[in-house]
1. How do the pairs read when you match residues in the stretch 134-149 that are in contact (Cβ under 8 Å) with a residue 40 or more places away in the chain with residues anywhere that are loosely packed, with under 12 Cβ neighbours inside 10 Å and aliphatic (A, V, I, L, M), using Cβ under 9 Å and keeping only pairs 6 or more apart or on different chains?
2. Does residue 191 satisfy the criteria of being farther than 20 Å from residue 42 by Cα and assigned to a strand (DSSP E or B)?
3. Residue 30 - would you say it is in contact (Cβ under 8 Å) with a residue 12 or more places away in the chain, over 21 Å from residue 174 (Cα atoms) and in a loop (DSSP other than H, G, I, E, B)?
4. For the subset of the stretch 46-71 comprising residues that are small (Gly, Ala, Ser) and within 12 Å of residue 89 (Cβ to Cβ), which member is modelled with the lowest pLDDT?
Amino acid sequence: MIGSFRKEQGGVAAVEFALILPVMITLFFGMVETTLALICRADVSQMASTTADLISQVDTASTADISNVYAAAGVILYPYYSGGTTGKPTIRITSIVYDGTSPLPASTGTVQWTCTQTGTGTLAPPARSKNDTVTLPKPLITTATGSVIMAEVAYNYASPTTQTIVGSINISNNFYTKPRRVSQIPAPPSCP
């Protein structure tokens, strides 16, 4: 009787499946959540480049222009952010001009003006002020009257399923571009 019980193979597949199922579910949610986080990271990078590109196309930046750029950049994050105040990305637009001290082409400059949309993400440094020194990734300021537009974006990503990625991840990116129509874009009358 015990010998025939040991030879019985009927429930082996069910037991093996029951042992493997939790691992398979964890791997599935891990892949889905990692993929969504990477897509969000790509969207944040695209937001930074779009923000800098849109501002670099104006002769003078008005308050309405800055508001429109914030709104347009926010659309890129759909479905993570769909407007409103909850889950809003942090976006900072800064005009950097030649500091007058370093040799040209220069990889440092000073802040001419900056506007920030406060959101869930954390930027480093948390704030910039007029005349702060900024170090650029490479010599981007080529003339004494030139400038660079820097767009910084940060978003606090939280997984929609929270099965393997628990908590939030601060995703940030910077993008630099030169103004297209003028050498320096004047400061807007006020920041939105």
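1. 141/104; 143/104; 144/104; 146/104
2. Working: farther than 20 Å from residue 42 by Cα: yes; assigned to a strand (DSSP E or B): no.
In short, no.
3. no
4. Of all residues in the stretch 46-71, those small (Gly, Ala, Ser) come to 48-49, 52, 56, 61-62, 64, 67, 71.
Checking which are within 12 Å of residue 89 (Cβ to Cβ) leaves us with 48, 71.
Working: 48: 97, 71: 94.
Among them, the one singled out is 71.
The values are calculated or read from the model by the stated rules, or taken from the named source; none is laboratory data. Predicted model only: the values in this text are computed from it and were never measured. Here Cβ is always computed from backbone atoms with ideal geometry, including for glycine, and neighbour counts include all displayed protein chains.
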